[in-house]
1. For the stretch 120-137: of the residues being β-branched (V, I, T) and within 15 Å of A180 (Cα to Cα), which is farthest from the chain's Cα centre (by Cα)?
2. Please list, ordered by residue number, the strands (runs of 3 or more DSSP E) wholly in the stretch 1-115 having 1 or more residues that are more than 23 Å from R249 (Cα to Cα), open to solvent by 70 Å² or more (accessible area, probe 1.4 Å) and touching a Ser or Thr at 6+ places or on another chain (Cβ under 7 Å).
3. Output yes when any residue across the stretch 157-176 is out of contact with any Ser or Thr (no Cβ under 7 Å at 6 or more places or on another chain), more than 23 Å from V28 (Cα to Cα), in contact (Cβ under 8 Å) with a residue 60 or more places away in the chain and surrounded by fewer than 23 Cβ atoms within 10 Å (Cβ to Cβ), and no when none is.
4. Take the stretch 206-232 and flag every residue that is modelled with pLDDT under 95 and either over 12 Å from the mean Cα position of the chain (by Cα) or part of a helix (DSSP H, G or I) (or both).
5. Would you confirm whether any residue within the stretch 179-189 is assigned to a loop (DSSP other than H, G, I, E, B), under 23 Å from the mean Cα position of the chain (by Cα) and aliphatic (A, V, I, L, M)?
6. Of the numbered conditions (1) over 24 Å from D233 (Cα atoms); (2) of a type outside the set (A, V, I, L, M); (3) buried (at least 20 other Cβ atoms within 10 Å of the Cβ), F135 satisfies every one except a single condition; which is it?
7. Taking the stretch 147-192, which residues are of a type in the set (K, R) and either at pLDDT 95 or above or touching a Cys at 6+ places or on another chain (Cβ under 8 Å) (or both)?
8. Of all residues being acidic (D, E) and under 25 Å from F6 (Cβ atoms) in the stretch 210-253, which is surrounded by the fewest Cβ atoms within 10 Å (Cβ to Cβ)? Just the residue, please.
Amino acid sequence: MTSLRFVEQLRDLVDGVEVVLSDIWGVVHNGLESFPEACAALHAYRRRGGTVILITNAPRPADSVQRQLRKLGIADETYDAIVSSGDLARHFVAEHPGQKLFWIGPERDTSIHRGLDPTIAPLEAADYIICTGLFDDETESAEDYRAMLILALKRKLPLICANPDIVVERGDRLIYCAGAIAELYRELGGEVIFYGKPHRPIYERAMALAAERRGRPTPLDRVLAIGDSVRTDLTGALGFGIDCLFVTRGIHSEEFEGIDQLDPASVKELFGHPPRALMRELRW
């Protein structure tokens, strides 16, 4: 295993790359403000003929994600399409008509079942759980849900996780996501179905959209993933068979503070299998 150095420019990595699958949260914004240089880098790559598919573990449909991007000043020209874990979770709801769901998540995530008209039921009467996040991610952690999950386990309810992230940036803080609750339920012995990175369906959907845009499938050796999470972005990319550019400004920023180069031992400790390259923040 070799050492890893930081690169400064995306342009140095994309010769021969036809498709970029970019994470959103932590790469192009932090939940409160956009990163203009990252957006400009993706736009510049598209002007060179590349295709950019944004892949996100946001527990909302792609059109809701797009509205958030617009509010943060991220232009539609930054990307070609968006694939969200929320869209994939919606497919589960649509494929189980007549079943009752118990929903765990904040009010802002109601779009997860918009237009599907499911029956929302209390936990005691539900057939399955949809988890988009915590009811109050400003004050709660997964442990606040332990008693609820133990009851769900007794009823053998499957939990559909619409966001496998454990934590995400919000400004300069880390907040818990649906993945934290899902992992606790799995530890308790519950059945969990994950939608989003690092699982294959979101990558398969992203590559299908890229093929639509380009008029043909793209070989995986001509695809580059960009992300800031070892657990979701790097693991998902490697599992799907594509290279990954790892951005360190996100949830792992403290681990890389003051480091200019990683020796082989550090690479193995931090990543296991290394990304193609490191970049502090995405820029062209």
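The values are calculated or read from the model by the stated rules, or taken from the named source; none is laboratory data. The structure presented is a predicted model; accordingly, all values stated were derived computationally and were not measured. Don't worry about glycine lacking a Cβ; one is built from the backbone with ideal geometry, like all the others, and counts go over all protein chains shown. Surface accessibility is based on the protein's heavy atoms, side chains included, excluding ligands, DNA and RNA. Shrake-Rupley method; radii C 1.70, N 1.55, O 1.52, S 1.80 Å.
1. Checking each candidate, the answer is I129.
2. Per the criteria, 100-104.
3. Within the stretch 157-176, not a single residue is out of contact with any Ser or Thr (no Cβ under 7 Å at 6 or more places or on another chain), more than 23 Å from V28 (Cα to Cα), in contact (Cβ under 8 Å) with a residue 60 or more places away in the chain and surrounded by fewer than 23 Cβ atoms within 10 Å (Cβ to Cβ).
4. Selection gives V230, R231, T232.
5. No, the conditions are met nowhere in the stretch 179-189.
6. (3)
7. Matches in the stretch 147-192: K154, R155, K156, R186.
8. Ranking the qualifying residues of the stretch 210-253, first place goes to D221.
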